[in-house]
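The values are calculated or read from the model by the stated rules, or taken from the named source; none is laboratory data. Since the structure is predicted, the reported quantities are computational estimates derived from the model, not experimental observations. Glycine gets a Cβ as well: all are built from the backbone with ideal geometry, and neighbour counts include every protein chain shown. Only protein heavy atoms, including side chains, enter the accessible area calculation; ligands, DNA and RNA are left aside. Shrake-Rupley method; radii C 1.70, N 1.55, O 1.52, S 1.80 Å.
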Amino acid sequence: MSALDEVLSRARGLIDRWEDEDCGTMAVKEFCRYAAAVDDVDYLRRARAREAAGEPVEAPPLFLAATMSWEDGPAEEELQPDGLAFREAPCTQGLPVRQVHGGQAVRLSRAPIAGTRVTASRAVTSAERKHGRSGDFVLLGLSTRFTSPDGTELTAVDETIVVLDALTKGTSA
């Protein structure tokens, strides 16, 4: 069985199996770190002023969608050869493949407020084998839904990942 066949088999076995991850309680400090990383100085000023006044502080709009992990991050030896953590590389662990993100759609429903606990529910939603100029590849569809404790959707992210055989030359699918 080829590496792409194995990715396809693994992915099809996971379609619509939602896994929850506790993202923890959102904090103004995390919001401000994100805002600093995207150079949103106005957000930093507003958030710190609201926090000092004892007012609720909302996360920046793309905060949830842009956060790749809620942990400190894996050690370098725990990364795949392409530099991705296993969480960002579903169905590919131990296989000689590489990935390219094929696109993302984000729905912003409600910004989380500092002090809110957030859960991320993630599932593989589709898996298809395709053929392009550089050869065969697998398209994986992934969905992540971020919710508050009462189940209210905060942000939803639907993305496509292109999985290529590591031995295939070229990057165009």
Show the residues, 5+ positions off or on another chain, whose built amide H is closer than 5 Å to the amide H of Arg117. Met26
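State the percentage of accessible surface on the chain attributable to carbon and sulfur atoms; use a 1.4 Å probe and exclude ligands, DNA and RNA. Could the numbers behind the result be given before it?
Values: 4850 of 9720 Å².
After summing per-atom areas, the C and S share lands at 50 percent.
With an 8 Å Cα cut-off and a minimum separation of 6 or more residues, compute the relative contact order for the chain in percent. Write out the running numbers ahead of the final one.
Numbers: 312 pairs, mean separation 50.6, N = 173.
Relative contact order, the chain: 29 percent.
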What does the charge count near Ala120 come to, summing +1 for each Lys or Arg and -1 for each Asp or Glu among other residues with Cβ under 10 Å from its Cβ? -2
Calculated FRET efficiency, Thr152 and Lys29, Cβ-Cβ r, R0 22 Å, to nearest 0.05? 0.40
Simple SL model, points at 7 angstrom along Cα→Cβ for Ala123 and Ala166; separation in nm is 3.1
Looking only at Thr119, Thr152, Thr92, which one moves most when the chain is put into a Gaussian network model with springs between Cα atoms under 10 Å? Thr152
Sticking to Cα atoms, compute the Rg of the range 103-173 to one decimal and its Dmax as the biggest Cα-Cα distance, whole number, in Å. 16.5, 49
Under a 1.4 Å probe, what is the accessible area of the range 92-162 per residue, stated in Å²? 46
Tell me the Rg and the Dmax, in Å, that the Cα atoms of the chain produce. 18.3, 61
Trypsin sites (Lys or Arg not before Pro) within the range 90-173: DSSP coil, no more than 15 neighbouring Cβ in 10 Å: Arg110, Arg133, Lys169
With springs connecting C-alpha atoms under 10 Å apart, model the chain as a Gaussian network and identify which of Asp150, Asp20, Asp40 has the largest mean-square fluctuation. Asp150
FRET efficiency estimate (nearest 0.05) - Cβ-Cβ, Leu44 to His101, R0 22 angstrom: 0.20
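Above 16 angstrom, tally the Cα pairs of the range 1-72 and express them as a % of all pairs, no decimals.
Distances greater than 16 Å cover 61 percent of the Cα pairs.
Just to confirm the filter: which trypsin sites (Lys or Arg not before Pro) across the range 1-57 are DSSP coil and have at most 12 other Cβ within 10 angstrom of their Cβ? Write down the numbers at each step before the final one.
On the way: sites: Arg10, Arg12, Arg17, Lys29, Arg33, Arg45, Arg46, Arg48, Arg50; in loops: Arg17.
Answer in residue order: Arg17.
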